[in-house]
There are 4 protein chains.
Amino acid sequence: MSAPLRLDFTSDNVTGASPEVLAALAAANAGTVASYGADPLSEVLMRRAAELFERPVAILPVATGTAANALALSVLARPFEAIYCHPAAHVMTDECGAPEFYTGGAKLIGLPSVDGRLTPGQLAEAVGFARGMGVHHVRPAAVTVSQASEWGTVYGLAPLRALCSAAHELGLRVHMDGARFANAVARLGCSPADATWRAGVDVLSFGASKNGALAAEAVVAFDPSLAAELGLRRKRAGHLWSKMRFLSAQLVAYLDGGLWLRNARHANDMARRLADGITALPGVTLAHAVEANEIFVAVPPTLIGALRAAGYGFYEWPPPAGVAAPVARFVTAFDTTAADVDGLLAAAGLGHR
Amino acid sequence: MSAPLRLDFTSDNVTGASPEVLAALAAANAGTVASYGADPLSEVLMRRAAELFERPVAILPVATGTAANALALSVLARPFEAIYCHPAAHVMTDECGAPEFYTGGAKLIGLPSVDGRLTPGQLAEAVGFARGMGVHHVRPAAVTVSQASEWGTVYGLAPLRALCSAAHELGLRVHMDGARFANAVARLGCSPADATWRAGVDVLSFGASKNGALAAEAVVAFDPSLAAELGLRRKRAGHLWSKMRFLSAQLVAYLDGGLWLRNARHANDMARRLADGITALPGVTLAHAVEANEIFVAVPPTLIGALRAAGYGFYEWPPPAGVAAPVARFVTAFDTTAADVDGLLAAAGLGHR
Amino acid sequence: MSAPLRLDFTSDNVTGASPEVLAALAAANAGTVASYGADPLSEVLMRRAAELFERPVAILPVATGTAANALALSVLARPFEAIYCHPAAHVMTDECGAPEFYTGGAKLIGLPSVDGRLTPGQLAEAVGFARGMGVHHVRPAAVTVSQASEWGTVYGLAPLRALCSAAHELGLRVHMDGARFANAVARLGCSPADATWRAGVDVLSFGASKNGALAAEAVVAFDPSLAAELGLRRKRAGHLWSKMRFLSAQLVAYLDGGLWLRNARHANDMARRLADGITALPGVTLAHAVEANEIFVAVPPTLIGALRAAGYGFYEWPPPAGVAAPVARFVTAFDTTAADVDGLLAAAGLGHR
Amino acid sequence: MSAPLRLDFTSDNVTGASPEVLAALAAANAGTVASYGADPLSEVLMRRAAELFERPVAILPVATGTAANALALSVLARPFEAIYCHPAAHVMTDECGAPEFYTGGAKLIGLPSVDGRLTPGQLAEAVGFARGMGVHHVRPAAVTVSQASEWGTVYGLAPLRALCSAAHELGLRVHMDGARFANAVARLGCSPADATWRAGVDVLSFGASKNGALAAEAVVAFDPSLAAELGLRRKRAGHLWSKMRFLSAQLVAYLDGGLWLRNARHANDMARRLADGITALPGVTLAHAVEANEIFVAVPPTLIGALRAAGYGFYEWPPPAGVAAPVARFVTAFDTTAADVDGLLAAAGLGHR
């Protein structure tokens, strides 16, 4: 007997965990081990991270993406400083002010763009304004980019390098919100090192929860000297698990044998399948390019109705400038099946009869 | 083949999780469910909490005790207010300033006592001083008690009621750090309601990680109207899991069939066995009463040496006033066996040959 | 011998203090009086404030407008809440994150408009978005309006009432940044009560430094029960002067005999004279309506050059959308003379020869 | 006609300002000058500070001692760090948590001593404890000493050097709360440089309000590279006056011709006169050595009654350990006259008839 078709396409966090990750938790359970990260699995994770990124890194696991982002930003910006981001960035709109909390009141400043990606020119203009204001304005300190972006697009390596280079020249450090980092790397087909520090990223939020873990993300600082401050801040924020083995075990399993990329590639493939199928329907157009595992499509209202009637879950999104039709967001995950996608497409097709 | 004898008595967080809790995680994995706490298991947990405490409560699961304590205190004290506690309280010395972080800079003020428990007279004196200082001093707002205390003692119900009553008369609200709440309730033999809100506790940090969970605690507010603020603060702190089912599942399993009390009773019994055995040795005396699962004993230096030589792990503690001998702390857990204890006692006995 | 003509039109804070205010400081100097605000002059100020606003108020003097604004906002928004404002508001761009600091990380959210004034529709839309986001977004709490606005415009009483009414219906409290409150009231020709609480303002930053004081502003809360929290927060921020008589003396003198309105009317008149004169020059147009003591004019580059050559100080401003010419800002003050203005106009006229 | 005898000995902040300081304000009033510290008087102050301390310094005037202390500490300790101080220090008990506010939640840890002064051994022990705790405890960062201390004692140069040296070896930076720095320097008879950076002080709160200014203190950082962060933090805290000339003018006048030391020497002399006189009465003994301008004396209750009956103002203080009698605190100021002191002594003498 097969599983019922998935109806919930609202997000990649409505899924459970990969079986490999659950098995790793069970395997990690035996015996007494030192608490607070001095256990063997946490040491394995540190080695794996260094191998994965081809350099020494500081890696600090935490349970949520919000925690990872806010912790990361707290070591990049002081309370009297500015962090630049896209106005729709998760840190700006979806974390209830976590960056402001962790940084002690640093200011997130939104730089709008149509595709969710920032440009060097935007940074230069914003920093120029701030510098001209002297002590009256928060001091420019950092920029954070979402990879994949909130709108499912992915920075190419060249644009990412250009942005990081501009940031560094302006005295800014670069954070990457990688809640869907695996999906972006799968898209780019490059190494994790190329996708991050070789392009100029200083600190990465390495996501796993949306792509196979129960609850595991990691702050990865490419300057390992940040480890001490990050460690104190993580403890202070209540994100240092006493039984850290259970956090490290998830991440080790996630990396083992390339599970993370395998999962992400599958989710991306399913997104492509869904995008291709749905845009073949009359009156349906992409609102944003589909470059990871999110699909934003402008659709006829009848299609919305048909899917809702069939029990499908998905978000309706504010349409971008110039788009009149409602925009629907669908998100695929590591365990979305082709049958799941085809089921949705079939239901959508009924909206066009 | 039996497991090797346990050598690590440093803490109850060096253990894994109860099998029941691990099984619950696996069972929770199937299918898509709403994220961020709108899942069926989280609803079950809310019902269970109301039953357990015999009243409506707000319960917010988080992964660590530090997070639970700091979140709880953040709704009890404003940034310009005072929180009274024992100077050795976990919130004071072991959380890297988490309460200051979460409250936005409220002040923890230590009130010393020899047994780890606070008294009404101490509260009255401290509040009297503060009130006399007007705006120049932080305004009294809350008191936090550790149950069981840092030194393994447990407030009796009558002293707890007296303390809470004094606190309320002084305009303070009461937080209980229940990292070892199960051990305390097992000791008291009363209902969870009697041990908390019926005695005057306003907000409880309900611990589970030390007693069978992987990583699960909960803020329990007996005034459910605190739920909204707690919910925003939890999200802002990065402690709202997207796949909340995995946090709720641990706590539901922890409560199911009384696992939490069974585990705690066993740990307490093992502590009693260890205390009885070790104080039978010459030159060994209790530094604090053993009322939960921690044993503090003043021991001859030779005994320390013998245990270390045998590979045993435990902390040496600053001796209380008037005690000259070194003080060793041993902690038992839900899965410590009688054989484990007897093994330690045998090794300790060798120190007296 | 007369004073030299004023060349500095950059701001109304390049001036000294009104002679009446200086005299009041000298008069306040004699004898010992209780410190920290328990002095007779501070009591006089409290009575005067109640008379001025025709109701009981809490009034807390501080030395700067930034302090007044940030203190005021800190009692209107919790750390996990949102404050709406114009993107060019002083609190947003010119206070180095003071609101974020004082509130413990609340989020200022900018709602753009062409004339510096907010509308009810903007509030409704922003609050609607936030409410739809639940715990993921900061919770709507307050709106702050600048009166006069950053662009020298003044809310009329009807639009102000409509905005406050909408805010209250949406559950928001209203703060008014009155750094140039006197100029606005002089313009409106209404009572201070009509200009504030009768229109729906909850807390006012009552400015004096730009209009005759050395360094004196006041937080005025129309709900006097906010006094206790404001008092603790003021002390905690280091804004409670020990010799408070010297802060109160300035404000009492500022109100005495209507000095504050006399000063403001004069500054507004000078602004009108400057605006009329300069717009009579070819190629000069108002960039914003002149309703207080700031003049924003789009001018030919040659005019900028002529004024600079003559030694005049003023800011060049980013032109509003649709304006191509450079925009110059001139600010008049309580002690700007007609001769000062005519001198500037003469120099400007030379740019057109 | 002479002034009435002073009855208020509660503090040195119940006085007005020195005539020289008031005159300086009036003199500073003329003309327009650049705001926010870019005025000529502020430049004079910077030069004077460098001369006074015989080295380049960063000097940032603010209006209150609480602001100076909290700002100073905010650049010496991060939010996850510890600041050591005496438990009775002003920063600990009298500033409503200002240091916690400005530092973003750093932890003040009190190290008790009978005379208000800290010792190297105390620092070493506290830091040793903290280091042993790792990430679980706030990280040692700074120590703050009050000079003169809360109990009117003054660190000698040798003990101060030893303390600073120990602090630096332990990785701590040293702040000096110099609310009564002038009184201490007058007592020590050394140069300001010897009393501060040559002894190892890193940042000084240079007090003036208690000793002749209206409202003026300054943060003096002996590492001028701290100027940028201090400047941003001062602005963010609302302590950057727009008309900064009025703050700088006070401090320039305070230093001019040695007014600050002349005032302090006089206050100290009056304290000595009061101490000598009152301890000549039967049953009166010093509770602390009188080394600046504060007198703490254990007195018979009848003496308290006699002074109160005569209308005298002063604080009763918690007696130090081992002292049974009530302790009265008297504070003299720059404008206390010998007749004022003799009047008090006469009234006190009546208590012994």
Testing residue B:289 on (1) modelled with pLDDT of 95 or more; (2) open to solvent by 20 Å² or more (accessible area, probe 1.4 Å); (3) not in a loop (DSSP other than H, G, I, E, B), one condition comes back false. Which one is that?
(3)
I'd like to verify a number: residues in the stretch C:258-284 that are at pLDDT 95 or above and touching a helix residue (DSSP H, G or I) at 6+ places or on another chain (Cβ under 8 Å), how many?
15
Unmet requirement for residue B:143, which otherwise passes all of (1) part of a helix (DSSP H, G or I); (2) touching a strand residue (DSSP E or B) at 6+ places or on another chain (Cβ under 7 Å)
(1)
The lone condition residue A:146 fails out of (1) in contact (Cβ under 8 Å) with a residue 60 or more places away in the chain; (2) surrounded by 24 or more Cβ atoms within 10 Å (Cβ to Cβ); (3) more than 13 Å from the chain's Cα centre (by Cα) is (3)
Quick one: which helices (runs of 4 or more DSSP H) lie wholly within the stretch A:164-240 and hold at least 1 residues that are closer than 30 Å to residue B:102 by Cα, open to solvent by less than 10 Å² (accessible area, probe 1.4 Å) and at pLDDT 95 or above?
A:181-188, A:227-236
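One line per residue, one yes/no per condition, for (1) crowded, with 19+ Cβ neighbours inside 10 Å; (2) under 14 Å from residue C:183 (Cβ atoms):
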| site | (1), (2) |
| --- | --- |
| C:260 | yes, yes |
| C:302 | no, no |
| C:308 | no, no |
| C:328 | yes, no |
| C:331 | yes, yes |
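In the stretch B:24-37, what residues are more than 10 Å from chain A (Cβ to nearest Cβ) and either in contact with a Gly (Cβ under 6 Å, 6 or more places away or on another chain) or among the aliphatic types (A, V, I, L, M) (or both)?
B:24, B:27
Tell me which residues, restricted to the stretch C:2-27, are in contact with a strand residue (DSSP E or B) (Cβ under 7 Å, 6 or more places away or on another chain) and among the small types (Gly, Ala, Ser). Even if it seems obvious, please write down each step before you answer.
Restricting attention to the stretch C:2-27, the residues satisfying the condition of being in contact with a strand residue (DSSP E or B) (Cβ under 7 Å, 6 or more places away or on another chain) are C:7-12, C:14.
Answer for the stretch C:2-27, where residues must be in contact with a strand residue (DSSP E or B) (Cβ under 7 Å, 6 or more places away or on another chain) and among the small types (Gly, Ala, Ser): just C:11.
Would you check if there is a residue in the stretch A:12-23 being more than 30 Å from residue B:31 (Cα to Cα) and in contact (Cβ under 8 Å) with a residue 12 or more places away in the chain? Break it down stepwise before answering.
Residues of the stretch A:12-23 more than 30 Å from residue B:31 (Cα to Cα): none.
No: zero hits.
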Please count how many residues of the stretch D:24-50 are within 27 Å of residue D:183 (Cα to Cα) and either polar (S, T, N, Q) or outside any helix (DSSP H, G or I) (or both).
1
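So that you can scan it fast, the table gives a plain yes or no per residue for (1) surrounded by 17 or more Cβ atoms within 10 Å (Cβ to Cβ); (2) more than 9 Å from every other protein chain (Cβ to nearest Cβ):
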site	(1), (2)
C:41	yes, yes
C:45	yes, yes
C:48	yes, yes
C:55	no, yes
C:62	yes, no
C:67	yes, no
C:72	yes, yes
C:75	yes, yes
Just a yes or no: is a residue in the stretch D:119-132 of a type in the set (Phe, Trp, Tyr), free of Cβ contacts under 8 Å to residues at least 60 places away in the same chain and within 12 Å of chain C (Cβ to nearest Cβ)?
no
Closer than 26 Å to residue B:210 by Cβ and either in a loop (DSSP other than H, G, I, E, B) or modelled with pLDDT of 95 or more (or both): which single residue out of B:339, B:325 fits that description?
B:339
So if I check each of C:113, C:74, which one is in contact (Cβ under 8 Å) with a residue 40 or more places away in the chain, among the hydroxyl-bearing types (Ser, Thr, Tyr) and touching a helix residue (DSSP H, G or I) at 6+ places or on another chain (Cβ under 9 Å)?
C:74
Can you tell me which condition residue B:318 does not meet? The list is (1) within 20 Å of residue B:151 (Cβ to Cβ); (2) modelled with pLDDT of 95 or more, and all the others hold.
(2)
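Check A:158, A:218 and return the single one that is without any contact (Cβ under 8 Å) to a residue 12 or more places away in the chain and away from chain B (no Cβ under 12 Å).
Result of the check over A:158, A:218: A:158.
Regarding the stretch C:1-23, can at least one residue be identified that is over 19 Å from residue D:243 (Cβ atoms), more than 7 Å from every other protein chain (Cβ to nearest Cβ), open to solvent by 10 Å² or more (accessible area, probe 1.4 Å) and assigned to a helix (DSSP H, G or I)?
Filtering the stretch C:1-23 for residues over 19 Å from residue D:243 (Cβ atoms) gives C:1-2, C:4-5.
Filter once more, keeping what is more than 7 Å from every other protein chain (Cβ to nearest Cβ): C:1-2, C:4-5.
Still in the list and also open to solvent by 10 Å² or more (accessible area, probe 1.4 Å): C:1-2, C:4-5.
Keeping just the survivors that are assigned to a helix (DSSP H, G or I) gives none.
The answer is no, given that none of the residues of the stretch C:1-23 is over 19 Å from residue D:243 (Cβ atoms), more than 7 Å from every other protein chain (Cβ to nearest Cβ), open to solvent by 10 Å² or more (accessible area, probe 1.4 Å) and assigned to a helix (DSSP H, G or I).
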If you scan the stretch C:221-244, which residues turn out to be within 11 Å of chain D (Cβ to nearest Cβ) and among the small types (Gly, Ala, Ser)?
C:231, C:237, C:238, C:242
Please go through the stretch D:70-89 and pick out each residue that is within 19 Å of residue D:123 (Cβ to Cβ) and in contact with a Ser or Thr (Cβ under 7 Å, 6 or more places away or on another chain).
D:72, D:73, D:77, D:83, D:85, D:86, D:89
With the first residue restricted to the stretch B:165-184 and required to be among the β-branched types (Val, Ile, Thr), and the second required to be buried (at least 24 other Cβ atoms within 10 Å of the Cβ) and assigned to a helix (DSSP H, G or I), Cβ contacts under 7 Å at 6 or more apart or on different chains are B:174/B:164; B:174/B:167
Could you check the stretch C:262-281 and list, in sequence order, the residues that are surrounded by fewer than 22 Cβ atoms within 10 Å (Cβ to Cβ) and out of contact with any Asp or Glu (no Cβ under 9 Å at 6 or more places or on another chain)?
C:262, C:265, C:269, C:272, C:276, C:279, C:280, C:281
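The values are calculated or read from the model by the stated rules, or taken from the named source; none is laboratory data. All of these numbers come straight from a predicted model, not from anything done at the bench. Cβ sites come from the backbone with ideal geometry, for glycine too, and all protein chains shown count toward neighbours. Accessible surface is based on the protein model in full, side chains and every heavy atom, while ligands, DNA and RNA are left aside. Shrake-Rupley method; radii C 1.70, N 1.55, O 1.52, S 1.80 Å.
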